[in-house]
Amino acid sequence: MTIEPLDLLRSNLARVRIPEPTNRIYKHECCVSFDTPRSEGGLFIDMCTFLAFGKDFVGWNYEKTGNPVYLHIKQTKKLVPEDRPSKKPTLLAIGIDGGFDNNEPEYEETHSVVILPEYVSLPFPSVELPEKVRLAVDAILLAEGAERKEELAAWTADKKQVSSYAMNLQQIDNGVVIPPSGWKCAKCDKTENLWLNLTDGMILCGRKNWDGTGGNNHAVEHYRETGYPLAVKLGTVTADLEAADVFSYPEDESVLDPQLAQHLAFFGIDFSSLQKTEMTTAERELDQNTNFDWNRIQESGQEVYPIFGPGYTGLVNIGNSCYMAANMQVVFSTRSFISRYYLSQSLKKAFEMSPADPTVDLNMQLTKLAHGLLSGKYSVPAFENDEKENTVTSTTTAKQEGIRPRMFKSVIAASHPEFSSTRQQDALEFFLHFIDQVERANTGKIELDPSRSFKFGIEDRILCSSGKVTYNRRNDYILSLNIPLHEATNKGELESFQKLKEERLAEGKEINADEIVRPRVPLETCLANFSAPEEIHDFYSTALKTKTTALKTAGLTSFPDYLVLHMRRFVMEAGWVPKKLDVYIDVPDIIDISHMRSKGHQPGEELLPDGVPDEEDSNKMWANEEIVAQLVSMGFNPLHCQKAAINTSNVGVEEAMNWLLSHMDDPDIDLPISKGHGSKTSTIVDQSKVDTLISFGFQEEIARKALEASGGDIEKATDWIFNNPNASVSSMDATPSNAASTSNDVDLPDGGGKYRLIGIVSHSGTSTLCGHYVAHVLKDGRWVIFNDNKVGASINPPKEMGYLYFFERL
């Protein structure tokens with residue numbers, strides 16, 4: 001007997017829920033694919049769990065849960081008039097007034113209630129539907145989708161906050177009147193990067209950069225001496241006072257001063273008469289939109305032929321997500337990730353293994369992303385209307401819609417406050433975070449873990465002035481390289497350009513973009529610089545029982561399947577603003593790093609004895625200022641940088657940065673450095689946590705040491721023990737000095753030292769925290785550009801402008 005559709009629905013009302021305000025409702029994208037309401041089969045929302053599924057996948061959910069009632073949403077594109085002429089953007093933003101127009105087409109939406117497994121459909125709205133169903137559907141349609149809550153389309157910098165010191169700022173009437181021009185630092189001869197203290201009217205220079213450029217720190221020193229909190233950068237004040245750079249020293253950030261007009265008038269400054277002479281950070285960023293770097297990296301002005309099909313799927317920018325998109329395009333072009341999450345794992349298998357909510361399962365979302373990028377299902381030309389057979393579209397202008405990696409971003413960034421925001425981020429930091437999360441997700445499955453293909457060992461050999469040596473090993477996923485500008489190969493051209501620049505400046509003229517000459521530094525020089533001997537000052541020698549100067553050399557203990565090179569293009573410019581080195585790196589298609597393999601402990605070498613500085617020596621130890629300054633210039637917290645230098649015995653920037661990256665989440669990272677533990681920060685270990693690790697089968701001494709090294713976190717302590725299988729209490733003391741302190745290289749991939757360049761992540765903009773990232777990937781013997789959802793054949797890949805270079809071992 002055939003059951004009437006309404007009777008069938010009534011018999012399943014127990015499986016229908018009316019969503020509460022706290023429920024997460026998915027209605028914009030399938031949980032296991034990138035199907036949306038605009039896909040051919042529309043989207044099915046489970047009316048019990050409020051999870052969404054595409055037409056090909058809703059049956060899997062029915063098999064797994066038995067939930068039969070679904071709200072079906074289908075969107076169909078409306079016909080639109082011909083494109084309006086595009087306006088030139090005046091703001092670095094997408095989809096807002098003055099920004100880039102995203103020209104989103106309009107869609108009409110239809111709804112129905114569907115009952116599985118027979119796909120019986122009832123129209124909605126309909127007064128015949130049970131009230132519970134009508135209320136549930138209305139609530140789902142009115143709710144803000146969980147996906148949208150994660151996503152913001154605006155591409156703008158964070159808004160500056162009003163300073164808490166602005167409204168009641170004390171100003172001293174000391175007769176100071178500031179002239180409209182001709183400013184100079186009151187304590188030195190600096191005439192640029194000058195800051196006016198708004199309390200006493202002192203004009204002082206900005207901070208000194210780690211490389212010696214910039215100011216002489218007189219403005220910040222004045223604050224430390226007086227406590228006067230606010231200063232404005234002279235040269236940025238105009239009639240538009242909100243655009244002025246006001247810095248709050250106690251709040252340690254750029255702020256808004258609503259009383260700035262009065263505060264300036266106090267010192268006789270009529271802001272309306274001031275001409276702007278210095279660019280603000282936001283203007284520098286917007287200026288990058290039209291400069292050479294921006295156009296070069298995105299290959300603007302060239303006819304980029306679009307490519308469609310498997311492996312050529314674009315990723316839509318979901319709010320400053322280009323740093324993630326560029327990385328993922330390269331990573332999912334590697335054999336290890338293709339095999340793990342595409343060839344060896346089907347969507348159905350990942351869904352069956354996933355918990356009740358697949359949107360929070362990293363394995364499911366990595367598999368979804370891999371299939372989305374590699375299947376070719378979503379890499380098809382987007383037409384202007386639905387009559388595809390009647391539409392004539394030039395193959396050189398056709399584009400794809402791409403996929404939106406919302407769920408993946410939500411999962412991968414869940415434990416990270418920065419990546420879960422919509423602010424721009426550093427592509428390097430994201431790559432390391434991503435690899436760390438993948439490694440954790442594959443714990444205990446070494447043979448399946450694709451992150452291992454990037455992992456390698458580094459060994460530092462430190463020669464003490466006593467003639468004895470120590471070896472210090474660590475594992476890493478990237479090789480971070482300094483760029484030695486002094487070894488540029490085009491010094492003659494640079495000198496001529498400098499003269500031209502000075503002549504133009506004297507004439508009041510500007511340099512044209514095509515006249516700019518940038519330093520050219522070979523990649524081989526950067527690699528040689530990594531391996532070159534480096535002096536370490538303030539190295540504590542356990543042989544001499546004092547600090548001395550040592551010589552450090554570095555090498556690799558293994559060569560990974562994929563070698564990632566990070567170019568340190570970013571420094572700090574005047575005003576304490578991150579600045580990118582304007583330099584070209586000459587990168588060959590093939591490199592050979594065989595000479596960089598470390599030799600290890602050699603016969604005849606005497607090792608430094610084990611030991612730690614005694615209490616008296618410990619009190620004398622301090623952080624090397626050069627190491628701290630370089631780390632601070634990369635944007636790290638000064639206190640954290642001091643701890644990193646101290647905890648690595650001032651060996652070098654590389655070691656300190658590695659310590660920093662692995663201890664960022666330590667609970668005591670923000671505590672002051674204690675006097676009695678100058679060389680090592682100490683951790684009081686909870687005995688119950690020690691007992692827990694002992695119950696896992698670890699020795700008490702190792703358990704205690706692991707908890708100390710990981711700030712008391714049991715999960716991190718367990719990782720530490722597995723990553724240091726040869727560790728003993730003595731071998732992990734303050735000064736690593738023998739071969740027993742090595743990390744385990746046995747399970748690391750290894751092979752020859754010849755590599756081919758297969759991927760480039762480039763950045764255009766003034767700092768890693770603004771601008772835009774683009775990927776270029778070598779696929780099927782040709783270079784392809786991945787610029788968010790735009791994918792095309794690259795005519796001239798910007799090999800000289802990479803921020804991250806990906807090499808595959810031959």
Based on the Cβ-Cβ distance of Leu142 and Asp747, what FRET efficiency does E = 1/(1 + (r/R0)^6) give at R0 = 56 Å, to the nearest 0.05?
0.60
How far apart, in nm, are two points set 7 Å out from the Cα along the Cα-to-Cβ line at Glu606 and at Asn217?
4.0
Between the alpha-carbon centers of the stretch 22-46 and the stretch 416-474, tell me the distance in whole angstrom.
36
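How far, in nm, would the chain grow between Arg782 and Leu551 when pulled straight, counting 0.36 nm per residue and subtracting the alpha carbon separation? Please list the in-between numbers first.
Working: separation 231, 0.36 × 231 = 83.16 nm, distance 4.38 nm.
That pair, Arg782 and Leu551, stretches by 78.8 nm at full extension.
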Any idea what the dipole of the stretch 298-358 comes to, in debye rounded to 20, about its Cα centre with Lys/Arg Cβ at +1 and Asp/Glu Cβ at -1?
320
Calculate the FRET efficiency for Glu106 and Ser126 from the Cβ-Cβ distance with a Förster distance of 22 Å, rounded to the nearest 0.05.
0.30
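What is the extension gain from Glu495 to Met353, computed as 0.36 nm multiplied by their sequence separation minus the C-alpha to C-alpha distance, in nm to one decimal? Don't skip to the end; give the middle numbers.
Numbers: separation 142, 0.36 × 142 = 51.12 nm, distance 6.28 nm.
Gain on extension, Glu495 to Met353, equals 44.8 nm.
Say R0 is 35 Å: what FRET efficiency, to the nearest 0.05, do Asn168 and Arg504 get from their beta-carbon distance?
0.15
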May I ask for the distance between the Cα centers of the stretch 654-671 and the stretch 346-370, given as a whole number of Å?
32
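Starting from the eigenvalues of the Cα gyration tensor, five times each then square-rooted, give me the equivalent ellipsoid semi-axes of the stretch 409-469, largest first, whole Å. Before the final figure, lay out each step's value.
Values: eigenvalues 213, 73, 15 Å².
Ellipsoid semi-axes (Å, largest first): 33, 19, 9.
Expressed in nm to one decimal, what extension gain is obtained for the pair Thr22 and Ala261 from 0.36 nm per residue of sequence separation less their Cα-Cα distance?
Working: separation 239, 0.36 × 239 = 86.04 nm, distance 4.59 nm.
That pair, Thr22 and Ala261, stretches by 81.4 nm at full extension.
Where a number appears in this text, it was derived from the coordinates with a stated rule and is not lab data. These numbers were taken from a predicted model, which means no experiment stands behind them. Note that each Cβ is placed from the backbone with ideal geometry, even for glycine, and that neighbours are counted across all protein chains shown.
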